[in-house]
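Below you'll find the structure I mean.
The values are calculated or read from the model by the stated rules, or taken from the named source; none is laboratory data. Please read these numbers as outputs of a predicted model, since none were measured by experiment. Positions of Cβ are generated from backbone atoms using ideal geometry, with glycine treated the same way; all protein chains shown enter the neighbour counts. Note: areas computed on protein heavy atoms with side chains; ligands, DNA, RNA excluded. Shrake-Rupley method; radii C 1.70, N 1.55, O 1.52, S 1.80 Å.
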Amino acid sequence: MRYERQDTETPLEPVEQIAEEKSKKKVHVRHLFYKVPLSQQPLRSIECSNIRDEECKHILKDVSLTVKSGQMLAILGGSGSGKTTLLDVIANRHEGGFVEGEVLINNKMRTKEMMKEISAYVRQDDYLLPNLSVRETLLFVAELKLPSSYSKEKKIDRVNSVLSELGLRHVCNSKVGGEEVRGCSGGERRRVSIGVQMLMDPHILFLDEPTSGLDSFTAHHLIVTMSELAKSGRTVILTIHQPRSDIFELFDLMTILSDGHVVYAGQARAMLDYFTLIGYPCPPLTNPCDFYIDLTTIDHRHKENEAVSKERLNKLLKLFQEAISEVTSGMYTTAKISLGSSVESESDSFSRNSPSLTDADSGLGITFDQPPKGSDSKSLINQFRILIVRAFKNELKGYSSLLIQAIEALFMSVMIGCIFINLGFDQISVRDRVGLFFIMGGLYPFIVILDTIAKFNAEREIFYREMEDGLYTTGPYFFSKVLSTLPFHTAFLVLYTVPMYWLAGLQPKLGKFLGNCLYTYMAVYSSRCMAMAISAALTNFQVAAFVANLLFTVFLLSSGFIINLESLWLGVRWLKWTSYLKWSFQALNQIEFHGLEFSCNDSMVQMYGECPISNGTVALKSYDLDKESLGECFSALFGIICLFLLLSFLFLKFVNQKPKK
Ligand SMILES: Nc1ncnc2c1ncn2[C@@H]1O[C@H](COP(=O)(O)OP(=O)(O)OP(=O)(O)O)[C@@H](O)[C@H]1O
């Protein structure tokens, strides 16, 4: 097929201009193939390269494109056409598949490190702490990412310029918000996510479906902002679903994918001419993107439709290949003008190992020699300091959730206190006291389990993405998480113990009250740590909740109240050593019973010859609660907390925290 030069609305560009554009190219994708194994077992890419073609799903099939600084490239296509995969592979963020072909950045094969330095990736969903304000969100990321050599003022300036650049100044003090927290609108939140990535002033910005979920006005406004960013010298590559025609006009380059094939790659404004020329003009009053995506998408609904659309796709691919051949053969045709700088001739390419062509030699407007190095230079202590302030602020600002937890602790306390109100000193009161300590040391530890798992699960996405972006490492995150919540847990615990202690009429001695608080706190904290460890090990919420509840039940049964521990079957008797509920139950009883005297009525004395339980020491003995000393109970609880914390850290570090949706 031969394309003759025709008079179209597309202005012809002089050869020099085209040559200059070629010299400016930045991201160059050549003959890119990507396949993933069909088996569910994750394979390493080396193994994947060895498996047979029929055992693989081919997602990208011979994709080539070029985009350079100052341009915005939109990757379009129907659902499942491979847009996100292409973006991931270019950005070197793909997982578990096998790549063939080349992705060159300034003539060099891109590496993970290189991409980390020069690019930023805005994901389809927003992963932001909902309670922080827009400005706080950006400031914390600036603190974590920008070099330590930057002064506080410089970081604030950078945040201010990003706020202005993205049109977020008017909402800078609003909460970011989220599913459960009222705050910014969806579009504003999207821009905050982009702002987070913009802080490092990346040379290449990847955006996966930045307009998804936005109304058309906000979507248009966002793409205008991206177009301005591109014009300021960055390279913007984004995927998008059927954009409105006013959005379409903002793109410089366009790649249309269908079933992993490139159906069109070239200048956006020349797309209509190209398709008209090959016999597929866009009907009047029709959105060209809608029309051409429909045209190129395989219709899987019926066999007949599928065959027809597959045949059309094959024809379109053939025509596109012919157009590329004309470009590569150097013919100065409409095809070449249309495809412009997005399809480069083979002769323009160069060896990936070319030592002579440096970044500076390539003549780009942007140089990569001074990337603003970020978190690598941040010490762990610094990361911890920033993260603990952020976590504390986020907790504190989520006051509605804090209020609910406070009311919950208070309500349970008053409820239990009322049931056990003013315990007396007769024989029956001994059993009541033991029952009170069982419920006191068991109810709240049970309630915090689900709360801890739910919170951990909700933050997992943010943790995973921020780790992926290299903002911090596991250690600082973990310790900031553990320590930032301590003051809140302490406050809830006071609300839980004080009313109950007072209403039940337990010994009014400061030492005993503080001892009671300490051991209740340790029981509750052991529960939180256990839930944290399980949540770090099992990323699925339901599974984690099930395992945590199961374990708690086992600990409750082996706490020494429901069944005497000596009566436990030998095979599970060891459980009592790991049951934190056993240690706290024993300690709470010992603290209260020591120093108490109990009365008997005459009939009891007559029946038993003496008062069966005359004081607290006898009571502890009769309930088998004096086996270990208070010190031993403290050491055991401390050890269990440390063990769960250690497990939480190890699971967080070594188990893949990728959220399973
Ligand atoms: N790791 C993987 N394993 C198996 N199949 C995969 C994997 N990654 C992507 N795919 C498949 O490859 C195809 C392309 O996926 P991709 O997410 O890139 O499409 P998309 O064009 O971005 O779709 P959408 O617009 O719906 O998000 C889909 O059929 C998807 O199911």
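As an exercise, find the ratio Rg/Rh for the chain from alpha-carbon atoms, using the Kirkwood inverse-distance average for Rh.
The Rg/Rh ratio comes out at 1.13.
Also, quick follow-up: Would you check the accessible area of S149, probe 1.4 Å, heavy atoms only, in square angstrom rounded to 10?
The accessible area of S149 comes to roughly 100 Å².
Assign one of three labels to the stretch 139-237, namely rounded, prolate or oblate, based on the Cα gyration tensor with a ≥ b ≥ c the square roots of its eigenvalues; rounded applies when a/c is under 1.5, prolate when it is not and a/b is larger than b/c, and oblate otherwise.
Verdict is oblate for the stretch 139-237.
Could I ask something else about it? Out of the chymotrypsin sites (Phe, Trp or Tyr not before Pro) in the stretch 501-537, which ones are loop residues according to DSSP with at most 16 other C-beta atoms within 10 Å?
Filter output for the stretch 501-537: empty list.
On to the next question. Run the dipole for the stretch 379-654 about the Cα centre, Lys and Arg Cβ at +1, Asp and Glu Cβ at -1, nothing else charged, and hand back the magnitude in debye, nearest 20.
Roughly 720 debye, rounded to the nearest 20.
I've got another one for you. Counting only protein heavy atoms, what percent of the accessible surface of the chain is carbon or sulfur at a 1.4 Å probe?
In the chain, the share of accessible area belonging to carbon and sulfur is 60 percent.
Projected onto the charge dipole of the chain (+1 at Lys/Arg Cβ, -1 at Asp/Glu Cβ, origin at the Cα centre), which of F275, G515, T111 gives the Cα projection farthest towards the positive end?
The listed residue farthest towards the positive side: G515.
Counting only C-alpha contacts under 8 Å and six or more residues apart, can you give the relative contact order of the stretch 531-620 as a whole percent?
Normalised by residue count, the contact order of the stretch 531-620 is 19 percent.
With a cut-off of at most 12 other beta carbons within 10 Å, and DSSP calling the residue loop, which GluC sites (Glu not before Pro) in the stretch 146-198 qualify? Please list them. Walk me through the numbers on the way to the answer.
On the way: sites: E153, E165, E179, E180, E188; in loops: E179, E180.
Filter output for the stretch 146-198: E179, E180.
Then there is this: How would you rank 205-216, 312-323, highest first, on the average number of other Cβ atoms within 10 Å across their residues?
Result, highest mean Cβ count within 10 Å first: 205-216, 312-323.
Give the share of C-alpha pairs in each 5 angstrom bin for the stretch 379-654, from 0 to the last occupied bin, in whole percents, shortest bins first.
Computed distribution, short to long bins: 1, 6, 11, 15, 17, 15, 12, 9, 6, 4, 2, 1, 1, 0, 0, 0.
Would you check the stretch 379-654 for Lys pairs whose C-alpha atoms are within less than 23 Å, ignoring same-chain pairs closer than 8 in sequence, and give me the count?
Lysine pair count for the stretch 379-654: 15.
Measure nothing fancy, just the Cα-based angle from helix 186-198's long axis to the longest principal axis of the chain, in degrees from 0 to 90, nearest 10.
The two axes meet at around 80 degrees.
Would you work out the relative contact order for the chain, in percent, from Cα pairs under 8 angstrom that are 6 or more residues apart?
After rounding, I find 14 percent.
Note the angle between two axes, namely the Cα long axis of helix 541-557 and the longest principal axis of the Cα atoms of the chain, as a number of degrees from 0 to 90, rounded to the nearest 10.
10
Now for a separate question. Rounded to the nearest 20 Debye, what is the dipole magnitude of the chain about its Cα centre when Lys and Arg each give +1 and Asp and Glu each give -1 at the C-beta?
That gives the chain a dipole magnitude of about 1100 debye.
Along the positive direction of the dipole of the stretch 379-654 (beta-carbon charges: Lys, Arg +1; Asp, Glu -1; about the Cα centre), which of L620, L450, M415 reaches farthest?
L450
Follow-up. Only helical DSSP H runs with n ≥ 4 go in: add -39500 (n - 2.57) per run for the chain, normalise by residue count and round the 222 nm mean residue ellipticity to 500 deg cm²/dmol.
Details: 27 runs with 352 residues, N = 661.
About -17000 deg cm²/dmol.
Turning to a different aspect of this structure: With a sphere of radius 11 Å drawn around the Cβ of F217, what net charge do the other residues whose Cβ falls strictly inside it have (Lys, Arg +1; Asp, Glu -1)?
After counting each charged neighbour, the total is -1.
For the stretch 571-637, run through the chymotrypsin sites (Phe, Trp or Tyr not before Pro) and keep only the ones in DSSP coil with at most 13 other Cβ atoms within 10 Å of their Cβ. All intermediate terms of the calculation are to be shown ahead of the outcome.
Numbers: sites: W574, W577, Y580, W583, F585, F593, F598, Y608, Y623, F634; in loops: W574, F598, Y623.
Answer by residue number: W574.
Additional query: What is the helix-to-structure angle for 474-484, meaning the angle in degrees between its Cα long axis and the longest Cα principal axis of the chain, kept from 0 to 90 and rounded to the nearest 10?
Once rounded, one gets 50 degrees.
I'd like to compare 480-490, 253-263: which one has the highest average count of other Cβ atoms within 10 Å, and what's the full order after that? Intermediate values should be presented prior to the final figure.
Details: 480-490: 16.2, 253-263: 25.5.
Those peptides, ordered most packed to least, come out 253-263, 480-490.
With equal scatterers on the alpha carbons only and no solvent term, can you work out the Debye log10 of I(q)/I(0) for the stretch 426-509 at 0.13, 0.14, 0.25, 0.26 1/Å?
Debye output, listed in q order: -0.62, -0.68, -1.27, -1.31.
What does the extension gain come out to for E322 and R244, with contour length at 0.36 nm per residue minus their alpha carbon separation?
Additional length available on full extension: 25.1 nm.
Towards the positive end of the charge dipole of the chain, with charges on Cβ (+1 Lys, Arg; -1 Asp, Glu), say which of S558, G70, A230 has the farthest Cα.
Among S558, G70, A230, the one farthest towards the positive end of the dipole of the chain is S558.
Quick one: accessible area per residue over the stretch 379-654, 1.4 Å probe, rounded to a whole number of Å²?
Details: 12570 Å² over 276 residues.
Value returned for the stretch 379-654: 46 Å² of accessible area per residue.
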